[in-house]
1. Among the residues of the stretch 78-93, are any under 28 Å from residue 268 (Cβ atoms), at pLDDT 95 or above and basic (Lys, Arg)?
2. Right, residue 37: without any contact (Cβ under 8 Å) to a residue 24 or more places away in the chain and of a type in the set (Asp, Glu) or not?
3. Return the residues of the stretch 182-194 that are crowded, with 24+ Cβ neighbours inside 10 Å and of a type in the set (D, E, K, R); say none if nothing qualifies.
4. Check 69, 54 and return the single one that is of a type outside the set (A, V, I, L, M, F, W, C) and closer than 30 Å to residue 214 by Cα.
5. Name the residue that is nearest to residue 257 (Cα to Cα), counting only residues in the stretch 200-244 that are in a helix (DSSP H, G or I) and at pLDDT below 75.
6. Among the residues of the stretch 99-116, is any among the hydroxyl-bearing types (Ser, Thr, Tyr) and out of contact with any Asp or Glu (no Cβ under 6 Å at 6 or more places or on another chain)?
7. Taking into account only those residues within the stretch 254-280 that are surrounded by 14 or more Cβ atoms within 10 Å (Cβ to Cβ) and out of contact with any strand residue (DSSP E or B) (no Cβ under 7 Å at 6 or more places or on another chain), which is farthest from residue 201 (Cα to Cα)?
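The values are calculated or read from the model by the stated rules, or taken from the named source; none is laboratory data. For clarity, every value in this text was computed on a predicted model and none was experimentally measured. When we count neighbours, we look across all protein chains shown, and the Cβ atoms used for this are built from the backbone with ideal geometry, even at glycine.
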Amino acid sequence: MGKAVLGIIGGSGLYDLPGLTNTRWEAVSSPWGPPSDEILFGEINGLPIRFLPRHGRGHKISPTDINYRANIDAMKRAGVTDLVSVSACGSFREELAPGHFVLVDQFIDRSFAREKSFFGTGLVAHVSMADPVSPGLTDKVEAAAKAVGVPHTRGGTYLVMEGPQFSTRAESNLYRSWNCDVIGMTNMPEAKLAREAELCYAVVAMVTDYDCWHEDHTDVDVEAIIKVLMGNAAKAAELVAKLAADFPKEHEACPLGSDKALEVALITAPDARDPALIAKLDAVAGRVLNK
């Protein structure tokens, strides 16, 4: 399967990744526009690491304005085979308290103002999203969380809202009635695009607050969230360092076939495909388009 390259997309509070050696920030250009920032190249225990701050260093980019396509494309161009998303979230469950990590395995996408696919007119593709994360990669994330003692739960549904405002109380209670576990603004369309790019993808959702449904936490307090964010970021960095230290040097095939998601996804006949779109897809879909 080739060499493994571990990618980390850092959300709110995680703008750098300490512990890397042989580091350099490098601009990776994408035909889909500018990514959120340069990519930090480095390694841990000989494993190549690529880190991208989702909002840019200094948290400059709103969730709606993130160029998700450019971010995923740039990580693919940087050689990433396995991608772990780290993001802040609110909790819909009493037991998922601030400081708790949730290894999400399902999503409900309520975002509406974002480009959600690399494909479209000129080259149509439909990838499966029934199981949006790679269980093999999540196994490794869970093992790292256990090893460093991070309080966590495996499994959960992440409601992705558009933002940038937080929920109304009516929305918060609605999403709880849907049996959602956490809420955030950034993991969609990121997960969909990662699947289209044939990347194994896993999620670490770091709880910062109880949204606004909780009777003892009826308003989301940004100042309080920031305090929790800083603690979560330190724990996330420790988790990532352990994950990388134990990560296999050879890429392991995804049990769900995430790394071969395009094998049966391309619908448009070869002679009807748009050459301009094909050119933009050289990194994302080159494996199947160049056959």
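1. No, every residue in the stretch 78-93 fails to be under 28 Å from residue 268 (Cβ atoms), at pLDDT 95 or above and basic (Lys, Arg).
2. Details: without any contact (Cβ under 8 Å) to a residue 24 or more places away in the chain: yes; of a type in the set (Asp, Glu): yes.
Yes; evaluated as a whole, the condition is true for this residue.
3. Answer for the stretch 182-194, where residues must be crowded, with 24+ Cβ neighbours inside 10 Å and of a type in the set (D, E, K, R): just 190.
4. On the way: 69 fails: closer than 30 Å to residue 214 by Cα.
It is 54.
5. If we filter the stretch 200-244 for residues that are in a helix (DSSP H, G or I), which is where we start, we get 222-244.
Checking the rest, the ones that are also at pLDDT below 75 come to 222-225.
Values: 222: 39, 223: 42, 224: 40, 225: 37 Å.
If we take residues in the stretch 200-244 being in a helix (DSSP H, G or I) and at pLDDT below 75, then 225 is nearest to residue 257 (Cα to Cα).
6. First, the residues of the stretch 99-116 that are among the hydroxyl-bearing types (Ser, Thr, Tyr): 111.
Then drop every residue that is not out of contact with any Asp or Glu (no Cβ under 6 Å at 6 or more places or on another chain), which leaves none.
Within the stretch 99-116, none of the residues are among the hydroxyl-bearing types (Ser, Thr, Tyr) and out of contact with any Asp or Glu (no Cβ under 6 Å at 6 or more places or on another chain).
7. For the stretch 254-280, the residue satisfying everything is 280.
For (1) of a type outside the set (D, E, K, R); (2) touching a helix residue (DSSP H, G or I) at 6+ places or on another chain (Cβ under 7 Å); (3) buried (at least 22 other Cβ atoms within 10 Å of the Cβ); (4) not in a loop (DSSP other than H, G, I, E, B), each residue gets a yes or a no:
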| site | (1), (2), (3), (4) |
| --- | --- |
| 128 | yes, no, no, no |
| 131 | no, no, no, no |
| 139 | no, no, no, yes |
| 144 | yes, yes, yes, yes |
| 150 | yes, yes, no, no |
| 153 | yes, no, no, yes |
| 159 | yes, yes, yes, yes |
| 164 | yes, yes, no, no |
| 167 | yes, no, no, no |
